[in-house]
1. So what's the back-of-envelope 222 nm ellipticity for chain A, counting only DSSP H runs of four-plus at -39500 (n - 2.57) apiece and dividing by all residues, rounded to 500?
2. Give the distance, in whole Å, between the Cα centre of the range A:174-208 and the Cα centre of the range B:139-174.
3. Given an 8 Å cut-off on Cα distances and at least 6 residues of separation, report the relative contact order of chain B as a percent.
4. With label points built 7 Å along Cα→Cβ from the Cα atoms of A:Met74 and A:Asp126, find their separation and express it in nm.
5. Roughly what would the spin-label model give for A:Gln232 and B:Arg114, points 7 Å off Cα along C-beta, in nm?
6. What percentage of all Cα-Cα pairs in the range B:1-104 are separated by more than 19 Å?
7. Around A:Ser68, which amide H atoms from residues at least 5 apart in sequence, or from another chain, sit under 5 Å from its own amide H, with H modelled in the peptide plane?
8. Using modelled backbone amide H atoms (1.01 Å from N, in-plane), which distant-in-sequence or interchain residues come within less than 5 Å of B:Val31's amide H?
Amino acid sequence: MVSTNGSSSTGTQRVKRGLAEMLKGGVIMDVVNSDQAKIAEDAGACAVMALERVPADIRRDGGVARMSDPEMIMAIQASVHIPVMAKVRIGHFVEAQILQSLGVDFIDESEVLTPADETHHIDKFDFTIPFVCGATNLGEALRRISEGAALIRSKGEAGTGNMVEAVRHLRSILGDIRKITQADSAELFEWAKRLQAPLSLVQEIAETGKLQVPLFAAGGIATPADAALAMQLGAETVFVGSGIFKSADPAPRAKAIVEATTHFRDADVLARVSRGLGVAMTGIAMDEINETQRFASRGW
Amino acid sequence: MNMQVGVLALQGAFAAHSECLTSIGVQSVEVRTPEQLSSVDALLMPGGESSTMSQLLESSGLFDPISTRIADGMPVFGTCAGMILLASEILDGRSDQRSFSAIDISVRRNAFGRQVDSFESTINSSVGDFHGVFIRAPRIERVGDGVEVLGSINNEPVLVRQGNVLAASFHPELSNDARLHEYFVSITANRKKV
C-alpha cells in the first residue's frame, strides 16, 4: 500500500523492488532460531527466512504448516542486522497483516506452507512490505507480478535437497523470456493467452528481455555447486532452505555457498570452497515423492 | 576518453549500477577479484548488505588492494551499504565489520528503520534535485570538517563528498536518472587529465 506524506512515499513498487535488488548475489538462508540466524549472518547471508520448521521437517512431519510464532520471529529480528523474511500460507492475508505488524522485511507467500485459499493469492498491493512468490513457469511468475509481487523465485521442490525441479522452473521461465524477445507483435497475443498472463506484462518482456522483478532460485539447493548452477542458468541469487542446517556442518557450508554465489563463474573458487564440507543433506529423488506430496503444484 | 568504471559485484545492486553507466555510454566492469580491480579507473560500491560485502571483501582478497587504490586517489562512489563501507565510523554495525575509512563521516546502519519504513523522496542538492530511493537506509550522523555536504532531505545530509570520495545514503541507480553517475564520471575524468 502506498502512503504519501509531503514529498515522501512508502510502500511503492520502486521501494519494494529496490530491496529485492539489494539482495542480489547474496544468499538467503532458512533459520529456525536466533542461534541459526547468527550462524547465517556470520557466514555472510544477506537475509534470513525465519520459520519454525525447515521444509525437510515440514515434509517429514506432515499435517498443516502455518505462519511461525511471532515470538520466534521477533527473537530472530532482535539477533541479526540483516533483513528478516517470513512465510505466510498462499492466500492467507491475515498472516501477512501480522507479519507486516511485526516489521518483517519481506513476506514469502509460500507453497511450502499449507495453502489457505485454493483460488486466490494475496493482493500484495494492499501491503507496505514487499512479497516474494514462487513460480514454476513464466505465466505463474507474471500472474504473481500482476498481483504485486516484488520478487519471484523458482519453487523447486523444497525440502528435498534435490534441485532438479528448480532447474526445470528456471529453464522454463528464462527460456520463455528468450523466446518472447524473438516473437513479433501478433505472436505476443498468443503468448499472453498461452501463459494466462496480462498482455501488457508480456509486451514489456518482449521489449526489455527480462522479468519486471528480480528472479531468484529456491528449492533443493544443497551445495556450492548447486548455487553456482542456479546462477549460471540466470538466477540472480539463491534461497537455501534445508540445505544448510540439515547438513553435517552448517557454518562452513553456509560460508562456502555465500562465496560460490558471488564467484559463480569462477571454477577455481568453486573447487576451493567445495572441499571438505562434510556430508550434505541426504535428499530425496523425485520419484520417491507422490504427486499429492509435491509442494510445487500448490499455487494457481 | 577511454575510461573503465568498476562496479564492486560481490553482492547487492551492482547490475542496476552497471546499467546506469551503460546508459551514459561509460564502459563498466564487474569487480570480484584483485585482477579485475587493477583494470579500472574508478570504483562504484553498490547497496546491499554491508556485513555480507565486508566478509566477501576479505575472502576475495579485495580489501587491501581497494584500500591502497583509494589511498592513491582512485575515485570511489558508495551508495547505501557502499557508503557504510567508505565511512570512517560505523554505528550499529557488526563488531567485526571493517570499513575503508575513506570519508570522514559517522554512519548509523539501518537508522531510517526496517523495510516498512523504506521510502522515496525529493532530494535538494547542489548537483541538482533528485528523486531519492531509501531502502533500510543508513543515516549520516556526523560530517567531518573536510567533507562537503552536496545534498540533504529535511536538513539531514544524504549526499557527501571528500576529495575523490562520493557517498550517498540513497539509491540513484533505482530511479532511472544517471546524473549522479555522470557527476562521478566527471570526477574520474578530471583526475585522468591530471
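Just so you know, all these numbers are worked out from the coordinates, no wet-lab data involved. Bear in mind that the values here come from a model prediction, so they are computed numbers and not experimental data. Cβ atoms come from the backbone with ideal geometry, glycine included; neighbour counts cover every protein chain shown.
1. Numbers: 13 runs with 132 residues, N = 300.
Helix contribution divided over all residues of chain A: -13000 deg cm²/dmol.
2. So the two Cα centres are separated by 42 Å.
3. On the way: 416 pairs, mean separation 37.0, N = 194.
Reported as a whole number, the value is 19 percent.
4. That separation, rounded to one decimal, is 2.4 nm.
5. Result: 3.9 nm between the two label points.
6. On the way: 1930 of 5356 pairs.
Distances greater than 19 Å cover 36 percent of the Cα pairs.
7. It is A:Glu52, A:Lys87, by chain and number.
8. The answer is B:Val7, B:Leu8, B:Ala9.
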